[in-house]
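The values are calculated or read from the model by the stated rules, or taken from the named source; none is laboratory data. Predicted, not measured: the structure shown is a model, and the values here were computed from it. Here the Cβ positions follow ideal geometry from the backbone for every residue, glycine too, while neighbour counts run over all protein chains shown. Ligands, DNA and RNA are stripped out before the accessible areas are found, and what is left, the full protein with its side chains, is counted by its heavy atoms. Shrake-Rupley method; radii C 1.70, N 1.55, O 1.52, S 1.80 Å.
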Amino acid sequence: MRIPKRLRAALGVAGVGAIAACLATVLASSATAGTTLGGSAAEKGRYFGAAVGTGKFGDNTYMTVLNREFNSLVAENEMKWDHTEPQQGRFNFTNGDRIVSHARSRGMSVRGHALLWHAQQPGWAQGLSGSALRNAAINHVTQVAAHFRGQIHSWDVVNEAFADGGSGGRRDSNLQRTGNDWIEAAFRAARAADPGAKLCYNDYNTDGINAKSTGIYNMVRDFKSRGVPIDCVGLQSHLGTTIDSSYQANIQRFADLGVDVQITELDVMQGSNQANIYATVTRACLAVSRCTGITVWGVRDCDSWRGSDNALLFDCSGNKKAAYNSVLNALNSGGTPITTAPTTRPPTTPPVTTPPPGGAGCAATVTVNQWTGGFVASVRVTAGSSAINGWRVALTLPSGTTVTNAWSANRSGNTGAIQFTNVDYNGRVGAGQSTEFGFQANGTGTGLAPTCTAT
């Protein structure tokens, strides 16, 4: 297990980096309704998922439990920054794709974990700072979310960015030192890259109303008031032998802000109270209509990052523990129906289209997602009545605007009049078909009017 163990304030357990968070409405599961965790949760419009690792996919006992019981999966490590971009600009999605493929083949939904986190960064990112790190981070968010576009129900966009203790403020990290708006910039970039995914903030030691959870609450309230795209909050819930009496009230207050709440990394120290705590968490989620699902952080006790805590629902032989029965009974006892709310969308500029003359050639449209001091632009190239074998898109940037990076296109220039041309894999576009590229810039994206020429 590559997740570092850190002492968790009130629990004495270390915090897993991030991650499992925010899935809501789910696909139908192969699990049998009412007799399995996923099946019973699906009857209530929710999911019950597990964090998984591809290293266990060859274990028959592990896979039997996984396939029978859960209707949602999240990658424990395979979608984190150090796994997906081990070298700057060189991405590896092999194991992440494997998890998504397995889930989709069995009708399970997938949570994405996690786009940005102060831990488990690749060495090259740890060596960056300032604008170089900010640009690399936003590019990472964009590339990973775009790769999995349409396949992820919810993304943990940012993980564990708030400090422990009584301040309710941000954690000091290399990401925080790029500017206090880095979380907002990450959420806007994620929305641009995958408009259909729910976007979540995820953290630990937020299992009741306390200074840390209140700091997050204030951030979410601010984001909602300004149109920053945030759809859900993940409560990790790595629990010890007790549970905060304000657990359900904390879920409810986030829901009242108009975001979903998901229990994203649930595990509970084994002891006489384990089954009761698991049941309490389940009932609390079912009692709030916008609590859309629960993810346990692993499948069996021997798969857990918590070692001898035996904190999960199955023993190493795959047998159901008393905690399993308490969860299933709580799920089958009913709950508040899910309320489906529209996913928030950030303000965008309307697409600008330059039609190809005579129906031939190509056209370009642009959509801009702007934040204070910068933006991400997504450009769609569409062939006319005939296929094209290459394209060139030209546009003029407003004064003071500078392109910092681009993807899926070659770039000539970074200020003023600039051009983008196809790369080797997206030059040929069939008649009436489209391809996309994008770029990030400092400044404003107002008034961009791209023109396309077939080459």
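Computed quantities for the displayed model
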read-out: Whole-angstrom gap from the range 412-443 to the range 172-234, using each part's C-alpha centre; value: 30 Å
read-out: Kyte-Doolittle mean at least 0.5, axial Cα span of 18 Å or more - DSSP H helices of the chain; value: 274-287
read-out: Heavy-atom accessible area per residue - the chain, 1.4 Å, Å²; value: 35 Å²
read-out: Cross-link partners of LYS198 among lysines (Cα-Cα below 21 Å; sequence separation of 8 or more within a chain); value: LYS44, LYS80, LYS224
read-out: Spatially proximal aspartates and glutamates relative to LYS212 (Cα-Cα < 15 Å; intrachain offsets below 8 disregarded); value: GLU160, ASP164, ASP172, ASP203, ASP244
read-out: Helix-derived mean residue ellipticity, 222 nm - over the chain, DSSP H n ≥ 4, -39500 (n - 2.57), to 500; value: -7500 deg cm²/dmol
read-out: Carbon + sulfur, % of accessible area of the chain - ligands and nucleic acids excluded, 1.4 Å; value: 48 percent
read-out: Among [x] 103, 53, 39; [y] 71, 53, 39; [z] 73, 45, 39, the entry derived from the coordinates for Cα extents along the principal axes in Å; value: [z]
read-out: Highest average packing first - 89-101, 150-162, 50-62, Cβ atoms within 10 Å; value: 150-162, 50-62, 89-101
read-out: Under 5 Å, built H, 5+ apart or other chain: amide partners of GLY374; value: GLY443
